[in-house]
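Working notes, beginning with the structure itself.
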Amino acid sequence: MRQHRPYQRLLTLLLASCFLLGLSACQSLSPASGPADQNTSPLHAIIQRGEIRVAITAEQAPLNMKNKEGELIGLDIDIVEALADAMGLDVRYEIMPFSKLLPSLENGDVDMVASAITITAERNARVAFAGPYLISGQVALTKSREIADAHSIEQLNKTEYTFSGVKGTTNVALIKEMLPNATLIATDDYQEAIQLVIDDKVDAFVADDPVCRLAMWRNPDAGLYVQHTPFTIEPLGIALPANAPLLVNLVENYLEMLEYTGLLGQYKARWLTDGPWVSDIR
């Protein structure tokens, strides 16, 4: 499922060189690490398999989503595909609800999670992270000018307000912790939570800024606003197995190379602004 792009050739060569150097370093590890440990490491298992298994929700537009042809697209997808190209690997995407992402990584069912996941201390105590590759923030998607113009969380912590959020996300955690007086409706997916706002069943949906802005772009006649002042500043990263230091190091170096070559900036410019792709997604 790899997508080869001409403008990635230089990056692919650079990353492939880093990858080969990393493997060479693996072979010169101290005796304490031992050949058996090397050959059974998550990185070596991926190489031997010739495939990297990536967990996503496929519904966190514009970071990962499906177009009308059913193809996966978005910022997360571009990043994963570039990494797979550099490593000479195929990609197998495992699509699942957000709440299942980290458990699937911890269980060894996937090799990484690249699905707009915020790096938090609680999550980092369970799994490793590379990044961040994007700094975002949580905002409210709403039809209410009062909510959109709110400058502090205290203005929204009212019993008359109802907010939607997706189970297992930091968005739901924020509502519970910072808006205890409001009512929370937790949904299984993003589209359901957004639709509750459109149908006037909740006052606002809380999510990362790119998700809310895309919902506004896709529903220009729904009267939606995105809150001007974010609740939080959130770093998004790629989650990796806790026992995979070689893989974490490789992905971290790869993200830095993406930044250095300017390709990460190109990806962001494409997916974080309104454009023709908006009309091509489900």
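Couple of notes before you dig in:
- Label-point separation in nm, Thr232 to Ala121, each point 7 Å along Cα→Cβ: 1.3 nm
- Phi angles of region 124-131 translate, via the Karplus equation with coefficients 6.51, -1.76, 1.60 and θ = phi - 60°, into HN-Hα couplings of 5, 7, 9, 9, 8, 9, 10, x Hz per residue; Gly and Pro are given as x.
- With 27 Å as the limit on Cα-Cα distance, the pairs of Lys68/Lys268; Lys66/Lys268; Lys68/Lys176; Lys100/Lys176 that go past it are Lys68/Lys176.
- Note on Ser99 and Ile47: the extension gain reaches 15.9 nm, defined as 0.36 nm multiplied by sequence separation minus the Cα-Cα distance.
- Label sites at Thr183 and Asp274, each approximated as a point 7 angstrom past Cα along Cα to Cβ, lie 3.2 nm apart.
- Fraction of antiparallel bridges per DSSP, region 138-226 only, in percent to nearest 5: 50 percent
- Each 5 Å bin from 0 upward holds the following percent of the Cα-Cα pairs of the chain: 1, 6, 12, 16, 17, 15, 12, 9, 6, 4, 2, 1, 0.
- Beta bridges from DSSP with both residues in the chain: antiparallel share about 55 percent, rounded to the nearest 5.
- Computed on the chain, with alpha-carbon pairs under 8 angstrom and 6+ residues apart, the relative contact order is 25 percent.
- Pair Glu69, Arg145: separation of 7 Å Cα→Cβ label points (nm): 4.4 nm
No lab work stands behind these numbers, since they all come straight from the coordinates. Just so it is clear, the model here is predicted, and its values are computed rather than measured. So basically every Cβ, Gly included, is an ideal-geometry build from the backbone, and we count neighbours across all protein chains shown.
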